[in-house]
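J.: Below you'll find the structure I mean.
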Amino acid sequence: MKSPSFSAVATATEPSEPTPVPESGMRRDDAASLGMLLVAGLALVGLQAVIDQNLGGSVTLNAVTIPAMTILAGLIAWTAARKWAPYADPVFIPVATFFSGIGIVFIRRLQVTMDPQYAIDFDAGMFAGTGGRQLMYTFVGVIAFAVIMAFLKDHRDLKKFSYLIAAVSLVGIILPALLPASISYAGGAKLWIRIGPISIQPSEFGNIGLIIFFSHYLVAKRDVLTLAGRRFLGLQFPRVQDLVPIMAVLATSVFVMVFEAALGQSLMIFAAFLAMLYMATRRFSWLAIGLLSFAGACVAIYPFFAHLQQRVKVFLDPYNPEWRDSIGFQLVKALDSMVDGGLLGTGPGAGKPNAIPLAESDFIFPALSHELGLMAVTALLLMYFLLISRGFKASVLVRDNFGKLLASGLSFLIAFQVFVVVGGATALIPMTGAAMPFLAAGGSSILATWILVGLLVKISHEGRKPHHGNQGLQKVAAPKEFLEQQAAEKRAREAAEAAAAERQATEMVDLSTLRGQTGQPSVQSPPTRNAPGAPPVQSPSQQHPTQPGSGQYGQVAGRPGSVRHGQPPSSQGPGPDHTHPPRQQPPPAQGRRPQDSDRRDLP
């Protein structure tokens with residue numbers, strides 16, 4: 001029978017995992033976003049004006065042009081996001097623009113008071129010096145942001161190229177260690193690739209590429225990494241074969257630490273993978289294995305590498321007379337400058353932050369603390385916290401596991417990068433040489449950070465845009481026609497079962513077989529009318545033919561006749577030699593219908 005087709009479809013009654021995003025979406029507040037950009041621009045104007053006044057005694061046109069160009073870059077990013085990601089979180093772009101402006105203004109301020117051979121005039125053009133290059137790098141980063149908005153239709157498209165991205169990222173991270181020091185060494189680490197006037201730090205982009213790959217790999221292998229393994233000391237430990245990925249990442253981290261002398265880069269690779277592994281599996285045993293493995297690797301290589309020993313010695317005792325003026329000079333000057341700045345700072349442009357080596361890059365946080373004060377840099381850290389928390393919020397709102405893990409990994413990368421920079425500058429951890437996101441000088445850093453923000457904006461848009469239910473497994477209600485058909489079929493089955501039970505209860509037994517007499521005519525059961533389409537009703541003797549010695553349902557040995565259907569042999573007597581004939585009943589008269597007394601009850 002051909003099953004009918006229904007015009008109705010199953011309708012969702014409720015999502016299996018309720019989402020905080022309404023089905024109409026969470027469109028961003030453009031007015032609030034533009035308002036935050038305006039406030040950021042006014043703050044940058046005030047900062048640049050105070051710096052000009054303290055450095056040159058007058059306010060120059062740069063107090064307007066430099067903040068205006070920074071806000072213009074932010075407006076380009078805002079326009080691209082409004083066109084291609086209209087539901088994205090409105091906080092990302094204003095905060096990123098403000099941080100970029102702080103970095104541009106303060107890097108320019110540091111160059112004004114540098115050594116004369118490197119210094120620029122306080123009223124030099126807005127594209128002059130290192131600060132001008134930082135402004136141009138910001139525009140390049142914003143262009144990369146707009147390209148991501150325009151051409152990355154869905155962040156899940158990155159999964160198709162995750163292995164290629166991982167291969168390119170690993171090559172970019174490892175390559176500087178294999179190149180001559182003349183084109184790869186700077187600032188105590190081999191992290192650069194210099195070709196003529198162009199220099200790039202590929203590890204800044206490699207970190208993002210590895211996080212994309214980690215997201216794809218951990219989502220694909222999450223069940224194996226979570227469930228497989230044995231329990232020991234109350235922890236679920238993975239199988240040996242499942243340790244291969246973590247050992248591979250550990251080997252890469254140790255390679256970077258040893259051959260590139262980049263402790264910060266090594267920490268970020270391993271910490272990002274370990275954090276994402278924990279977020280994917282929620283198994284504490286992975287954290288324990290990862291931390292113990294990294295600590296063991298560091299202890300094992302510590303006696304053989306002088307640069308690692310120097311970092312640890314300075315961290316443990318930066319003011320030791322043996323090295324405070326040599327390998328510990330940077331950290332000592334950074335700590336002294338922050339103490340001199342106090343809570344409110346010496347004032348923008350009124351201090352001496354150039355006393356700190358590499359104040360425009362690795363130690364820009366102590367330089368800012370020196371002139372702006374502890375309260376101001378605490379406010380900057382809170383803004384970083386705002387940016388990071390919005391990234392984690394995007395991971396909560398997006399509905400696919402790859403997006404959740406990618407947004408979480410990118411947000412953790414910013415958080416950990418801020419931690420290692422601030423921790424190294426304040427002697428909380430050994431110095432790492434990492435760059436402060438947005439603030440530190442460097443085209444690679446600012447470009448990679450804007451790419452990272454672009455990915456977060458795209459994921460946030462996917463999580464906040466309109467949707468139909470949960471876009472996944474849902475509890476549904478079947479069509480009305482289907483339910484009616486199921487009810488009709490159930491009623492038909494129940495009616496057929498009732499008719500079959502009634503026919504079985506009225507079946508007649510062949511009395512001649514019960515008497516064990518041969519030659520006597522037996523009374524046949526009257527014909528029974530069958531239901532249309534039902535099989536003919538058979539007598540018990542036809543249904544269960546008996547043969548001598550056939551066992552429980554066959555003929556009792558030693559006597560002819562048959563046993564009624566379902567009767568065990570024990571009911572026929574104690575055995576073949578002590579059997580009793582069944583009780584005789586008078587045959588019914590010819591022509592009359594057998595009565596109930598003529599019937600034998602069937603069980």
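The values are calculated or read from the model by the stated rules, or taken from the named source; none is laboratory data. Everything numeric in this text was worked out from a predicted model, so none of it was measured. Every residue, glycine as well, gets a Cβ built from its backbone with ideal geometry; the counts of neighbours run over all protein chains shown. Side chains included, ligands, DNA and RNA excluded: accessible areas come from the protein's heavy atoms. Shrake-Rupley method; radii C 1.70, N 1.55, O 1.52, S 1.80 Å.
J.: Considering only residues that are over 17 Å from Ala376 (Cα atoms) and in contact with an Asp or Glu (Cβ under 9 Å, 6 or more places away or on another chain), which ones fall in region 325-346?
T.: Matches in region 325-346: Gly328, Gln330, Val332.
J.: Looking only at region 201-223, decide whether some residue is open to solvent by less than 20 Å² (accessible area, probe 1.4 Å), out of contact with any Leu (no Cβ under 8 Å at 6 or more places or on another chain), on the phi < 0 side of the Ramachandran plot and touching a residue at least 40 places away in the same chain (Cβ under 8 Å).
T.: Yes, because at least one residue in region 201-223 is open to solvent by less than 20 Å² (accessible area, probe 1.4 Å), out of contact with any Leu (no Cβ under 8 Å at 6 or more places or on another chain), on the phi < 0 side of the Ramachandran plot and touching a residue at least 40 places away in the same chain (Cβ under 8 Å).
J.: Restricting attention to region 407-425, which residues are of a type in the set (Val, Ile, Thr) and open to solvent by 10 Å² or more (accessible area, probe 1.4 Å)?
T.: Val418, Val422, listed by residue number.
J.: Further question: In the list Lys153, Lys159, which residue meets the criterion of being outside any helix (DSSP H, G or I) and either open to solvent by 20 Å² or more (accessible area, probe 1.4 Å) or closer than 30 Å to Phe305 by Cβ (or both)?
T.: On inspection, the qualifying residue turns out to be Lys153.
Residues are listed down the side, and each one gets a yes or a no for (1) modelled with pLDDT of 95 or more; (2) assigned to a helix (DSSP H, G or I); (3) touching a helix residue (DSSP H, G or I) at 6+ places or on another chain (Cβ under 8 Å); (4) surrounded by fewer than 18 Cβ atoms within 10 Å (Cβ to Cβ):
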| residue | (1), (2), (3), (4) |
| --- | --- |
| Phe6 | no, no, yes, yes |
| Ser24 | no, no, no, yes |
| Ala40 | yes, yes, yes, no |
| Gly46 | yes, yes, no, yes |
| Thr60 | no, no, yes, no |
| Ile71 | yes, yes, yes, no |
| Leu75 | yes, yes, yes, yes |
| Ala80 | yes, yes, yes, no |
| Pro86 | no, no, yes, yes |
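J.: Considering only residues that are modelled with pLDDT of 90 or more and not in a helix (DSSP H, G or I), which ones fall in region 446-470?
T.: If the condition is that a residue be modelled with pLDDT of 90 or more and not in a helix (DSSP H, G or I), then no residue fits.
J.: Let me ask something additional. In region 362-394, which residues are among the polar types (S, T, N, Q) and open to solvent by 10 Å² or more (accessible area, probe 1.4 Å)?
T.: Within region 362-394, Thr378, Ser389 qualify.
J.: List the residue pairs whose Cβ atoms are under 6 Å apart, where the first residue sits in region 125-144 and is within 9 Å of Arg108 (Cβ to Cβ), the second is among the β-branched types (Val, Ile, Thr) and assigned to a helix (DSSP H, G or I), and the two are 6 or more positions apart or on different chains.
T.: Pairs that qualify, where the first residue is within 9 Å of Arg108 (Cβ to Cβ) and the partner is among the β-branched types (Val, Ile, Thr) and assigned to a helix (DSSP H, G or I), are Met126/Thr65; Met126/Ile66; Thr130/Ile107; Gly131/Ile104; Gly131/Ile107; Gln134/Ile104; Gln134/Ile107; Leu135/Ile104.
J.: State the number of residues belonging to region 109-125 that are crowded, with 21+ Cβ neighbours inside 10 Å and in a loop (DSSP other than H, G, I, E, B).
T.: 1
J.: Sort out which residues of region 234-275 are more than 24 Å from the chain's Cα centre (by Cα), over 24 Å from Asp362 (Cα atoms) and either in contact (Cβ under 8 Å) with a residue 24 or more places away in the chain or crowded, with 16+ Cβ neighbours inside 10 Å (or both), and write them in order of number.
T.: none
J.: Somewhere in region 327-347, is a residue surrounded by fewer than 15 Cβ atoms within 10 Å (Cβ to Cβ), in contact (Cβ under 8 Å) with a residue 40 or more places away in the chain and out of contact with any Gly (no Cβ under 6 Å at 6 or more places or on another chain)?
T.: So far as region 327-347 goes, no, none of its residues is surrounded by fewer than 15 Cβ atoms within 10 Å (Cβ to Cβ), in contact (Cβ under 8 Å) with a residue 40 or more places away in the chain and out of contact with any Gly (no Cβ under 6 Å at 6 or more places or on another chain).
J.: Going residue by residue through region 446-468, is there one that turns out to be over 24 Å from Gly101 (Cα atoms) and touching a His at 6+ places or on another chain (Cβ under 7 Å)?
T.: Among the residues of region 446-468, at least one is over 24 Å from Gly101 (Cα atoms) and touching a His at 6+ places or on another chain (Cβ under 7 Å), which makes the answer yes.
J.: Can you confirm whether Leu291 is in contact (Cβ under 8 Å) with a residue 40 or more places away in the chain, part of a helix (DSSP H, G or I) and among the aliphatic types (A, V, I, L, M)?
T.: Criteria not met by Leu291.
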